[in-house]
Amino acid sequence: TLITDDGVNAIDRAGDVGPFVDGMPHWRWNASVAYSLGSTTMQVQGRYVGGGAYDHTFNPRFNNGELGIDDNTVSSRFYVDLSLQHDMMFGAGEAQAFFSVNNLLDRDPPLAPDTVFVPLATNKQIYDVIGRYFIAGLRFNY
């Protein structure tokens, strides 16, 4: 449950994933597996964000006398992240080179548009709206 109460109405927003509601999906999870060979490590992570209702308080056809929405569902998404790191020694110090790809499969977020206040295509607080992106770097300890 995720109840919001304004003193007059109490609304359970659990499972509401539209862009302008203060809800959350019923299910979110992360799972990862890592494999190390010597000083090199590879990790694959799966991120699941469950779907749900756009806003379960909407009437499928009419909302407060205005035209409603035909489909009140938002689909779930599964994202895959991949990272590699290699540990190195130099003199009295250590270094680590790393490379990551987030949203490896470049999955788009589900469509859940809102044009009431600001045009939005989805709930950017819940779903990955950036797409595939890369991170690379070098860490030093000495």
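FYI, it's all coordinate maths here, none of it is from the lab. None of the values given here were measured: they were computed from a predicted structure. Virtual Cβ from ideal backbone geometry, glycine too; neighbours counted across all protein chains shown.
The figures follow:
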quantity: Sorted peptide list for 3-14, 122-133, criterion being average Cβ within 10 angstrom, highest first; calculated: 122-133, 3-14
quantity: Around D128: net Lys/Arg minus Asp/Glu count, Cβ-Cβ under 13 Å; calculated: +3
quantity: For a label point 7 Å along the Cα-to-beta-carbon line of S76, residues of the stretch 1-39 with backbone N under 20 Å; calculated: 1-2, 13-19, 23-33
quantity: Total formal charge among the other residues, if their Cβ is under 15 angstrom from that of D87, Lys/Arg +1 and Asp/Glu -1; calculated: 0
quantity: Pairwise label distance in nanometres, A31 with D106, each label 7 Å out on the Cα-Cβ vector; calculated: 2.6
quantity: Virtual spin-label span in nm between Q43 and A10, 7 Å along Cα→Cβ; calculated: 4.1
quantity: Karplus-derived 3J(HN,Hα), 6.51/-1.76/1.60, for each residue of the stretch 41-53, Hz, glycine and proline x; calculated: 10, 10, 10, 10, 10, x, 10, 10, 10, x, x, x, 8
quantity: The chain: most fluctuating residue of M24, M89, M42 per GNM, C-alpha cutoff 10 Å; calculated: M89
quantity: Tail fraction, Cα-Cα pairs, the chain, threshold 22 Å, whole percent; calculated: 54
